[in-house]
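Since the structure comes first, as structure tokens, the remarks are kept for the end.
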Amino acid sequence: MAGPTAVDKAGLPVDPVGTVWSPEADRLRRQGVPMSATLIVRHTVADYASWRKVYDEVEPLRAEHGCTAQRVMHVPGDPNDVAGTHDFPTLAQAQAFADDPRLRAAMERSGVTGTPRIEVFEDI
């Protein structure tokens with residue numbers, strides 16, 4: 001997989017489809033080391049801008065669990081129907097992030113409405 005070709009406003013590498021790579025993930029990808037688990041979450045939010053503020057604030061939580069890349073998307077025409085992908089080196093790290101009560105608290109604080117759909121996929 002090709003590595004990042006640009007940087008975001010924080011100076012982190014970004015690939016052509018918008019995935020933000022941590023410096024460590026960028027280094028591993030350039031060495032050909034694949035990520036082994038991806039957490040995908042989809043939920044509706046009351047207000048995207050308010051949600052995004054909290055999402056950005058919990059970057060240390062993602063880093064604590066070893067998240068190496070993330071990407072946020074929305075349904076065309078509905079910025080409040082949000083999906084995100086988060087890559088982790090191990091399945092255990094992805095699952096631990098999904099199960100962390102601080103993640104649930106952040107979702108509540110950010111204005112997630114309804115029940116989020118969270119799934120973890122493993123590379124094959």
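Against the list (1) under 27 Å from Arg30 (Cα atoms); (2) of a type in the set (D, E, K, R); (3) modelled with pLDDT of 95 or more, the condition Arg52 fails is (1). Quick check on my filter: what residues within segment 49-65 are closer than 17 Å to Thr113 by Cβ and crowded, with 18+ Cβ neighbours inside 10 Å? Within segment 49-65, Trp51, Tyr55 qualify. Scanning segment 74-89 for residues that are in contact (Cβ under 8 Å) with a residue 12 or more places away in the chain, assigned to a strand (DSSP E or B) and over 10 Å from the mean Cα position of the chain (by Cα) returns His74, Pro79, Asn80, Asp81, Val82. In segment 33-80, the qualifying residues are those that are among the β-branched types (Val, Ile, Thr) and in contact with a strand residue (DSSP E or B) (Cβ under 7 Å, 6 or more places away or on another chain), and the one that is nearest to Gly111 (Cα to Cα) is Val45. Checked against (1) surrounded by 14 or more Cβ atoms within 10 Å (Cβ to Cβ); (2) under 14 Å from the mean Cα position of the chain (by Cα); (3) charged (D, E, K, R), Glu119 passes all but condition (1).
When restricted to residues that are assigned to a helix (DSSP H, G or I), closer than 15 Å to Val41 by Cα and in contact with a helix residue (DSSP H, G or I) (Cβ under 6 Å, 6 or more places away or on another chain), segment 100-124 contains 2.
For first residues located in segment 95-124 and touching a residue at least 24 places away in the same chain (Cβ under 8 Å) and closer than 13 Å to Thr85 by Cα, partners that are of a type in the set (Lys, Arg) and crowded, with 17+ Cβ neighbours inside 10 Å and lie 6+ apart or on another chain with Cβ distances below 8 Å form the pairs Phe97/Arg62. Filtering segment 49-65 to residues that are over 11 Å from Phe97 (Cα atoms), under 11 Å from the mean Cα position of the chain (by Cα) and assigned to a helix (DSSP H, G or I) leaves Tyr55, Asp56, Glu59. The residue that is nearest to Val120 (Cα to Cα), counting only those in segment 66-109 that are surrounded by 14 or more Cβ atoms within 10 Å (Cβ to Cβ) and acidic (Asp, Glu), is Asp87.
The values are calculated or read from the model by the stated rules, or taken from the named source; none is laboratory data. All of these numbers come straight from a predicted model, not from anything done at the bench. Glycine also receives a Cβ, built like all others from the backbone with ideal geometry; neighbour counts cover every protein chain displayed.
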